[in-house]
Amino acid sequence: MKSLILTAVMTAAFSTVGFADGLYWVVGNRATHKCQIVTSNPVIYAYGGGDFWFGDGPYRSLADARLARSTIGACPKEDPRGG
């Protein structure tokens, strides 16, 4: 039973990677304590570890991701790159 569940999880993970092209995610970076917009599906660890402490998305455009980032309380209100 465990191998069946593991197979299903792995299949789902590999399937979603193919659909990630052209999408954006807003993530909280643990190292910088800032929000970033990334173009690959982030891996979020529930109990610490990893680079990101939260993720939101996917968004179809960079403009949508920037708008979402502006509504997340943990994110700075200004874009660090000026956009």
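Among the residues of segment 58-83, which ones are at pLDDT 95 or above, in contact with a Phe, Trp or Tyr (Cβ under 8 Å, 6 or more places away or on another chain) and among the hydrophobic types (A, V, I, L, M, F, W, C)? Hits for segment 58-83 are Leu62, Ala65. Applying the condition of being within 15 Å of Arg69 (Cα to Cα) and open to solvent by 90 Å² or more (accessible area, probe 1.4 Å) to segment 1-57 and asking which residue is modelled with the highest pLDDT yields Thr39. Sub-8 Å Cβ pairs linking a first residue in segment 33-53 that is assigned to a loop (DSSP other than H, G, I, E, B) to a second residue that is basic (Lys, Arg) and open to solvent by less than 80 Å² (accessible area, probe 1.4 Å), at least 6 apart or interchain, are Gly50/Arg30; Asp51/Arg30, ordered by first then second residue.
The values are calculated or read from the model by the stated rules, or taken from the named source; none is laboratory data. On a predicted model such as this, the values are computed, not experimentally measured, just so you know. Cβ coordinates were reconstructed from backbone atoms using ideal geometry, including for glycine residues, and neighbour counts include every protein chain displayed. In case anyone asks, the SASA skips ligands and DNA or RNA and just uses the protein heavy atoms, side chains included. Shrake-Rupley method; radii C 1.70, N 1.55, O 1.52, S 1.80 Å.
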